[in-house]
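This report concerns only the one structure given below.
The values are calculated or read from the model by the stated rules, or taken from the named source; none is laboratory data. In this text, all values refer to a predicted model and were calculated from it rather than measured experimentally. Here the Cβ positions follow ideal geometry from the backbone for every residue, glycine too, while neighbour counts run over all protein chains shown.
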Amino acid sequence: MSDLIFRPLTVDEFDLFHRYATPPTSGVGARKLSFEELGYRSGRVWVAVRGDEVVARAAFWAPDDFDHPFSLDWFDPGAGPDGIEVGAALLRAAYDALVTPDYSSPIGDRPDYHLFLPADWRERPEARADAEARIAAAEKAGLRQFVERINLRWIPEYGLPPRSTRLTFVPAVDDELVVDVLARLCENSLDAYARRDVERYGLRRAAEITLEEIADFPGGRDRWRLAYDAAGELVGIVMPTSNSYFATIGYMGVVPEHRGHHYADDLLAEALHIFAAGGESEVSDATDVGNAPMAASFARVGYEVTGRRMIFT
């Protein structure tokens, strides 16, 4: 380990990142967008160098208008016998440098690690080995698994599901009402982030934070909708928007007293019709592995699973 150098790269040195000799071929860590499209910045791309060889690498991402990185989303710990140790040491060096006293992000008090995985990674020995090496290095560096999520995709070629005939949708323009609905959705939620925010901040503040975060997405809030049944009772909310790259549903849910009737299908269908009318070519969403009802709803309206994502904090 004493012969290793851990350091960040400037933009004009990014070619070193691509000199990493043993990128995985199993699909572990694979991203839909290229390194260049993801827009990494100087000082947030790190390498471990032994002599002239790049033996481990890590890249941290954030939206263009944020001062600190949100997440580590590209990490290769190395393939040698000391690869896990080297990878962990690289992460410790990078986190020590990037998590400064003034660090802040909407995600937490340091960047979380997003490990992108094929949907069948546990069934393929090569993919499992690649994943387990990254998991071991991350844990040795002090990160802990928070949740595993299912990544999903919808494109117009999959076909639009029928629009709801039992719900009426109206624009969600009243912040107080939106917060009230979000607070009701957070009660006994199957979503790990919602549960964490309620534990940290309480129900009301967790709902306010959700509103603030989704409103700050590049897609804005013009497409948010509240859903009402024929009796005029509020059933739920769906918040179609877009992130830095794709159309996405920022948040959605059915209030507790109306769950169990597949209303989530109606909310998803409405969002997809809104996206289609706006000419969106792709919708990218995700749900926790533990949220089986939501995963089933995505499947019923025509989404396809594109992979998994394990998140460490």
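You will find that of Arg205, Arg195, the residue that is more than 30 Å from Arg31 (Cβ to Cβ), surrounded by fewer than 20 Cβ atoms within 10 Å (Cβ to Cβ) and either among the basic types (Lys, Arg) or within 16 Å of the chain's Cα centre (by Cα) (or both) is Arg205 and no other. Among the residues here, Ile135 does not qualify as of a type in the set (A, V, I, L, M, F, W, C), at pLDDT 95 or above and part of a strand (DSSP E or B). Looking only at region 219-240, count every residue that is out of contact with any Pro (no Cβ under 8 Å at 6 or more places or on another chain), within 16 Å of Phe275 (Cα to Cα) and either among the basic types (Lys, Arg) or surrounded by fewer than 22 Cβ atoms within 10 Å (Cβ to Cβ) (or both) and tell me the total. The qualifying residues number 2. Considering only region 17-41, how many residues are within 23 Å of Val86 (Cβ to Cβ), surrounded by fewer than 16 Cβ atoms within 10 Å (Cβ to Cβ) and more than 18 Å from the chain's Cα centre (by Cα)? Count: 6. Among the candidates Arg204, Arg128, Arg153, Arg144, the residue that is at pLDDT 95 or above, farther than 30 Å from Ala94 by Cβ and in contact with a Phe, Trp or Tyr (Cβ under 8 Å, 6 or more places away or on another chain) is uniquely Arg153.
Evaluate the following for Gly51: is it out of contact with any Ser or Thr (no Cβ under 9 Å at 6 or more places or on another chain) and modelled with pLDDT under 95? So Gly51 passes the test.
Considering each residue of region 39-48 in turn, at least one proves to be closer than 30 Å to Leu152 by Cα and among the aromatic types (Phe, Trp, Tyr). Sub-8 Å Cβ pairs linking a first residue in region 72-91 that is free of Cβ contacts under 8 Å to residues at least 60 places away in the same chain to a second residue that is in a strand (DSSP E or B) and of a type in the set (Lys, Arg), at least 6 apart or interchain, are Trp74/Arg57; Asp76/Arg57, ordered by first then second residue. Only one entry of Leu185, Leu160 meets the criterion of being touching a helix residue (DSSP H, G or I) at 6+ places or on another chain (Cβ under 9 Å), in the same structural domain as Leu272 (by TED's automatic domain parsing) and not in a loop (DSSP other than H, G, I, E, B), and that entry is Leu185.
Looking at region 38-70, which of its residues are over 25 Å from Tyr103 (Cα atoms) and not in a strand (DSSP E or B)? Within region 38-70, Gly51, Asp52 qualify.
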